[in-house]
Amino acid sequence: MGIRARLRVWAQLTRPVHPETERVLRERWAQLPEAVHTPAQLLGRHAVGCEGTHGVFPKCNLTCTPCYHSADANKVRVDGEHTVAEVDAQMAYFRQHRGPYAHAQLIGGEVSLLAPDDHAATLLRMRAHGREPMSMTHGDFDADYLRALVHDDRGRLRLTRVSFAAHFDSLMRGRRGAVRPRTEAELNPFRQRFVQMFRDLRAETGLRYYLAHNMTVTPANLGQVTETVRAVLPMGYSMLSFQPAAHVGDSRRWREDYRQVSIDSVWAAVEEALGQRIPWEGLQFGDPRCNRTAWGFLAGNRWVPVLDPDDARDLAARDRFLDHFGGVAFTGTPPALLAVKIARVLRRRPGDAGVALRWAARTVRRAGGLRRLIGAGARGRVRPMTFEVHSFMDAAQVAPAWELMQRGVSAEDPELRATQERLAACSYTMAHPETGRLVPACAQHSVLDLEENAGLRRLLPLTVVG
Ligand code: SF4
C-alpha cells in the first residue's frame, strides 16, 4: 500500500464520528417527537439508544411476580444454535440500520441457561456487529459457569471483558438458598457473592467487567428500596437500575396494582438512601416518562454527578460536548485511538479543551477537592456509579397505541396519545429483520412476544420426539 493510501486509511480510522453514525443520528433526531427535542436529549445527538435481543431463549428457571414474559415462555427449549443464528441476524440488522456501534442487551429468559460455549459465541457475534453486549441474568449461577464462559477449550480468555446486569429482588422465587425471600435484605449475601465471582476471576485472569444491579419495584418492596441501595452501593456494582413493575407479560403472575409505584417514588427512595439529590435533568435518553439516568461516581461515601443541571457552566459544557463530540464512541474504542479522535476534534475546536478542564475542576470540587479525591482513590474508593429508573408501560395501553401507530393513526385518547409519544421516543429497541422493523421493547413484550413465543414453542419444544 502506498503512502497516500495509508494516510487515507489512517484518516478514516481516526475520524471522530463514523459517517454512518452521523447519518443514523440525524435520522433518529428527525424521527423524535418535538417534545423531546430538548438540549438534554442524547438520542439522535450522541447515541441511537440501547438495543436488545428477542425470540431467542425465553425460558427461565426462576419465577417472578410479575414476569414480563408471556405464558408460553417456559415451554420453549433453550437452544444454542438457534440463539446464535437469531442474535446474529438481529445484530446484522441493527448494524445496517443503526450504525456501526451501540450497546445491546443479550436478553431473553435466563442467559445462564445457555451453555457457556453458546453464550460466548453469541456475545462474540454481537461484538462482530459492533454491539457492546450486556448479558441479563438472575445471577443464580456458579463461578464455574463464569469461568467456562470466558475461557476457550485451551484455557485462554476468549472474552477479556464482560458486562452483566444481575436481577435481584424479593419478588423472585426459586433462587438456590433463597427460594422464597421475605425481605430484600435476605438477598444481600447473594448480591455480594455475584460480584465476588467476578472479582476472583479478575484477580486470577485479568478479566475486565461491568456489573449492573437490577431490581423490579412494586408496592410490596418499594419501602425497601432505600435500605437496599445502602446495602448494595459498597458491593462493587457500577450501576443500580430499577424497574417499576408494569402490567405486561404473564397476567397469572400479577399480584398488585403496579401503577401505585411511580418513577418519582423510586427516585425519591434512591435519593433518601444517599442523603442527597441525584440530579438527572441534564441528560436524557428519550422520554422522561420512560426513564431517567444520572451518571456519576462514588468518591468515598459521596456520590458525585458528572453534570449539575443547576450550574449554567455545566449546561454550557454539555451543549458544547453534544455539538462537537456527539456520536464519538467513548466506550469500546481502544484508548490510543480514542485519544487521536479527541485530538482531531480539539484541533478544530481548541476552546473545548479549556471548557473541559474547567468542568473537570468543578467536578473535583463537587467530590470534596483534589486531596480528598486522591485519598479516596488511593483507598480504592473511587469508582463509576450510575443510577437509572426505567418505567415500562402496561400492555393494556401499549397494544392499542402500537396498533394505531402501525396504521399511521395518532390516537385521540390522551392516555393512548401519551403512550404513542413514548413509543416514538423509545430508547430501547429490538430488531425484526424478517419484517424489516425496529420495535420498542414495550411493543415487543406487550404485543409481539405472545405470537413469537407461541411459534418458538412449536419450533423448539421442550421434549424432542425422536
Ligand atoms: S417505550 Fe417502553 S421500552 Fe421504550 S423507552 Fe419507553 S418504557 Fe422503555
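Quick note: the coordinates plus some simple rules give every number you see, no bench work behind them. As the structure is a computational prediction, the values presented were derived from the model and not from experiment. Note that each Cβ is placed from the backbone with ideal geometry, even for glycine, and that neighbours are counted across all protein chains shown.
Calculate one ³J(HN,Hα) per residue across the stretch 30-43 by plugging θ = phi - 60° into the Karplus curve 6.51 cos²θ - 1.76 cosθ + 1.60, and present them in order as whole Hz with x for glycine and proline.
5, 7, 6, x, 4, 4, 9, 7, 10, x, 7, 5, 9, 5
Across 5 Å bins from the origin, how do the percents of Cα pairs in the stretch 104-224 run, short distances first?
With 5 Å bins starting at 0, P(r) equals 2, 10, 21, 23, 19, 12, 8, 4, 1, 0.
If I model a spin label at THR226 and ASP200 as a point 7 Å from the Cα along the Cα→Cβ vector, what separation in nanometres do I get?
Output for this residue pair reads 3.6 nm.
Once phi is turned into θ = phi - 60°, what whole-Hz ³J(HN,Hα) does the Karplus curve with 6.51, -1.76 and 1.60 give for every residue of the stretch 216-233, x standing for Gly and Pro?
Each residue of the stretch 216-233 in turn: 7, 10, 10, x, 5, 10, 4, x, 10, 4, 4, 5, 5, 4, 4, 6, 7, 3 Hz.
Rounded to the nearest Å, what's the spacing between the alpha carbon centres of the stretch 93-129 and the stretch 276-337? Just the number, please.
Here the answer is 26 Å between Cα centres.
State log₁₀ I(q)/I(0) for the chain at q = 0.07, 0.12 Å⁻¹ as given by the Debye formula over alpha-carbon point scatterers of equal weight, solvent excluded.
Debye output, listed in q order: -0.37, -1.18.
What value, in deg cm²/dmol to 500, does the helix sum -39500 (n - 2.57) over DSSP H runs of n ≥ 4 give at 222 nm once divided by the residues of the chain?
Rounded to the nearest 500, it is -13000 deg cm²/dmol.
For the residue pair ARG154 and ASP413, what label-to-label distance in nm results when each label sits 7 Å from Cα along the Cα-to-beta-carbon direction?
Taking the two extended label points, one gets 6.1 nm.
Just to confirm a number: summing +1 for Lys and Arg and -1 for Asp and Glu over residues other than ASP152 whose beta-carbon lies under 13 angstrom from that of ASP152, what do you get?
So the environment of ASP152 carries a net charge of +2.
So, counting K/R as plus one and D/E as minus one, what does the shell of residues with Cβ under 11 Å around THR226 add up to?
-3
Once the principal axes of the Cα atoms of the stretch 235-324 are found, what is the range along each, listed largest first in whole angstroms?
50, 32, 21
In nm, give the distance between the simple-model label positions of ASN61 and ARG252, each being 7 Å from the Cα along the Cα-to-Cβ direction.
2.1
Jot down the per residue volume, in cubic angstrom and as a whole number, of the convex hull over the alpha-carbon atoms of the stretch 1-112.
171
Using just the alpha carbons, could you tell me how many Å³ per residue the convex hull of the stretch 43-108 encloses?
Looking at the stretch 43-108, the number lands at 106 Å³ per residue.
Quick one: which residues, 5+ away or cross-chain, put their amide H under 5 Å from the amide H of MET134? H built at 1.01 Å from N.
Sorted by chain and number, the residues that satisfy this are ALA104, GLN105, LEU106.
Please list 3J(HN,Hα) in residue order for the stretch 108-119, calculated via the Karplus relation 6.51 cos²θ - 1.76 cosθ + 1.60 where θ = phi - 60°; whole Hz, with x for glycine and proline.
x, x, 10, 5, 6, 6, 6, 4, x, 5, 5, 4
Kirkwood hydrodynamic radius for the stretch 200-355: how many Å is it when counted over pairs of different Cα atoms?
Computed over the stretch 200-355, the radius equals 18.7 Å.
Compute from the Cα atoms of the stretch 285-395 the Rg and the Dmax, the latter being the longest Cα-Cα distance, and quote both in angstrom.
Rg then Dmax for the stretch 285-395, in Å: 16.2, 52.
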